[in-house]
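Since the structure comes first, as structure tokens, the remarks are kept for the end.
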Amino acid sequence: MTNPSENAVTVRNVYKNYGEVEALRDLSLDFPRGQLTSLLGPSGCGKTTLLKIIAGLIPATSGEVLVNGEVVKAPGPDRAFVFQDFALMPWASVIRNVAFGLELRGVPKSEREAIAEKYIAEVGLTGFEHSFPHELSGGMRQRVGLARALSVDAQVLLMDEPFSAVDEQTRRKFQEDLLGLVQNENKTFIFVTHSIEEAVYVSDQIAILLPRPSRVMEIIRPQGFRDKDVDHIRRDPEYLDIVDRIWASLRSYVE
Amino acid sequence: MTVFGIKLPNMSSLLLWGLLWEFIGQIELTFFLPPLSAIFATLLEIGGTKAFITALKETAHAFSIGTLSAIVIGVPVGILMGKSRLIDQLLLPWVNLFLSAPLTALVPVLMVLFGFGIKAIIITTALFAIWIIVLNSRAGVMQINRSLVEMAHSFGASPFDAFTKIYFWAALPEILGGVRIGFIRAVKGVIIGQLLISIVGFGSLFELYASNFLMKHFWAVLIVLFALAFVIAEFLAYLERRVDYYASRR
């Protein structure tokens, strides 16, 4: 991945300080187009901070982020965010939540609801269009959050520990569905997680971040098992090797 | 309430107190408390008179304009205070001061500033209602889920969109609570205004009946006022229950 046009997102020499605290130091990273890159690391390593800088939600102290060659200054229609705590409007129905990104862009009601319905079906929530978030389980709520991010048709999907607030079984289903999404949607995914297994399972590229000061320690690109059937990945020797290797290098940073 | 295993309808205790009132009235313990039945008879008698209708109209007019302006000004100010630390620090001491101040003592000042007319009464009414509306709207915004704000921002919401589509709705349960208490305080405000500033509306009826010891009339008007305040408070409580489903899940 040396050709810059192959990268949907490029992070160049980004620093982020909160007063005295150095959250990110001289961080550079490329995110190949059409692939899923995980930001993996122990808590406090600045992975969510980096994601929010890419989203344009918080400014970098110095350095720059390029999305399709353009410098990020604020949130834009080329990126969509999936939140750890879902961030659904509790007073709005599923369909209005899903269509909210389009509503903010001024898309007429009938048009945006048609688009929303399509993505509600895609995430498997047909029949729940007029339910309210509190009537849904955690997993279903995150499907709403995912449908909302998909419906604005952004090229880059930013996912902040999207599956950490759902139960283990739902989480596995989500991970399988995510693999299908990466294959079919032709979008670039940036995925923050603290789960080693999850990162190795879903990623084309894993960036391991280390804390104090935050930096990229290693970039791992699983080769062999990505094209295999989802049922076989967790038994693949390469999968197991990478999980072990990552744990070996992160072990010393866990108190 | 359940008595001897029989479930009584809500507010049936009022019946008990009504009977006690009737009894004390019938034995003529004090002129101050005529029998409840006589009060209701008087109520029917004066209810249709021109003086009563005029008083009701004048009071409703001052009350509705006063409370409406308290909401229209109070809710946005409260939301802005909740959003911006600077505005909050500028205004919060004043809001707290006026919330706890004995506003009745300020009424003479209002008379000097705004004259003896209906305008001063409306301003008194608004002044009684507005502070709790501001404080509650502020509290509603301050407990907003940060990621909802980030969500709106990340999907490109303008500040105005964020205000009307996120902040207002997220704070709505608290806003309605503030409006309900504000309305109850405004009932006080409008009557105090009508008694102190210019003797109009229900204030004039109270003044007239009390100074002539027409206790039946006095109580009749008071009961109408209680009933109106109760209906308004219950209606707003009903609206609050409508948004209950998300109040605890934001």
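Remarks
- Going from the residue with the fewest nearby Cβ atoms within 10 Å to the one with the most, A:ILE242, B:ILE184, B:ILE6 rank B:ILE6, B:ILE184, A:ILE242.
- In this structure, the amide hydrogen of A:ARG215, modeled 1.01 Å from its nitrogen in the peptide plane, lies closer than 5 angstrom to those of A:LEU210, counting only residues at least 5 positions away or on a different chain.
- Compactness ratio for the stretch B:1-107: Cα radius of gyration over 2.2 N^0.38 Å (N = residue count) comes to 1.77.
- Averaged over peptide B:154-165, the number of partner chain Cβ atoms lying within 10 Å of each residue's Cβ comes to 5.
- On full extension, the segment bounded by A:GLU185 and A:THR126 gains 19.3 nm, given 0.36 nm per residue less the C-alpha separation.
- Amide H contacts under 5 Å for A:GLU22, placed H, 5+ residues apart: none
- In order along the stretch B:125-140, the Karplus-derived 3J(HN,Hα) couplings, from 6.51 cos²θ - 1.76 cosθ + 1.60 at θ = phi - 60°, round to 4, 4, 5, 5, 8, 6, 5, 6, 5, 4, 4, 5, 4, 4, 4, x Hz, and Gly and Pro are given as x.
- Ranking A:SER151, A:GLY180, A:PRO162 by Cα position along the charge dipole of the stretch A:139-180, where only Lys, Arg, Asp and Glu carry charges on their C-beta atoms, puts A:SER151 farthest toward the positive end.
- Phi angles of the stretch A:185-197 translate, via the Karplus equation with coefficients 6.51, -1.76, 1.60 and θ = phi - 60°, into HN-Hα couplings of 8, 6, 10, 9, 10, 10, 10, 8, 8, 10, 9, 4, 4 Hz per residue; Gly and Pro are given as x.
- Estimated distance in nm for a label pair at A:ARG221 and A:ASP26, the labels positioned 7 Å out from Cα along Cα-to-Cβ: 2.4 nm
- For the stretch B:86-197, the equivalent ellipsoid derived from the Cα gyration tensor has semi-axes of 34, 13, 12 Å, listed largest first.
- Its DSSP H runs of at least 4 residues, each contributing -39,500 (n - 2.57), put the calculated 222 nm mean residue ellipticity of chain A at -10500 deg cm²/dmol, to the nearest 500.
- Label sites at B:ILE87 and B:LYS119, each approximated as a point 7 angstrom past Cα along Cα to Cβ, lie 2.7 nm apart.
- Among B:SER13, B:ASN145, A:LEU57 - extreme Cα towards positive end, dipole of the protein assembly as shown, charges at beta-carbon: B:SER13
- Stokes-Einstein D (µm²/s) once Rh is taken as the Kirkwood radius of chain A over alpha-carbon pairs, at 25 °C in 0.890 mPa s: 130 µm²/s
- If R0 is 45 Å, the Cβ-Cβ spacing of B:GLU22 and B:LEU239 corresponds to a FRET efficiency of close to 0.80.
- Ratio of Rg to Rh over the stretch B:49-247 (Cα coordinates, Kirkwood Rh, two decimals): 1.06
- Relative to its residue count, the stretch B:179-250 spans a Cα convex hull of 79 Å³ per residue.
- Pair-distance profile P(r), taking every C-alpha pair of the stretch B:91-145, with 5 angstrom steps and integer %: 4, 18, 24, 19, 16, 9, 6, 3, 1, 0
- Inverse of mean 1/r across different Cα pairs in the stretch A:71-206, Kirkwood, Å: 15.1 Å
- Between the stretch A:206-255 and the stretch A:58-113, the Cα center-to-center distance that results, in Å: 30 Å
- Packing order of peptides B:162-174, B:220-232, B:91-103, highest average first: B:162-174, B:220-232, B:91-103 (average count of other Cβ atoms within 10 Å over each peptide's residues).
- Convex hull volume per residue in cubic angstrom - Cα atoms of the protein assembly as shown: 231 Å³
- Here, the stretch B:57-115 has an Rg and a Dmax of 14.2, 42 Å when only alpha carbons are counted.
- In this structure, the residue pairs whose Cα-Cα separation is over 18 Å, taken from B:LYS188/B:LYS216; A:LYS109/B:LYS165; B:LYS57/B:LYS119; A:LYS187/B:LYS165; A:LYS52/A:LYS118, are B:LYS188/B:LYS216; A:LYS187/B:LYS165; A:LYS52/A:LYS118.
- Distance distribution note for the stretch A:195-255: the fraction of Cα pairs above 14 angstrom is 55%.
- Modelled spin-label separation between A:TYR253 and A:THR61, with each label point placed 7 Å from Cα along the Cα-to-Cβ direction: 1.8 nm.
- Residue-wise HN-Hα coupling along the stretch A:129-146, computed from phi with Karplus coefficients 6.51, -1.76, 1.60 (Hz; x: Gly, Pro): 3, 9, 6, 10, x, 6, 8, 9, 6, x, x, 5, 5, 5, 5, 4, x, 5
- Calculated translational diffusion coefficient of the stretch A:88-153 (20 °C, 1.002 mPa s; Stokes-Einstein with Kirkwood radius over alpha-carbon pairs) equals 191 µm²/s.
- Peptide B:78-86 is shielded by partner chain Cβ atoms: per residue, an average of 0 of them sit within 10 Å of its Cβ.
Coordinate-derived values only; no laboratory data. All figures in this text were calculated on a predicted structure; none of them were measured in a lab. With ideal geometry, Cβ positions are generated from the backbone for all residues, glycine too; neighbour counts draw on all protein chains shown.
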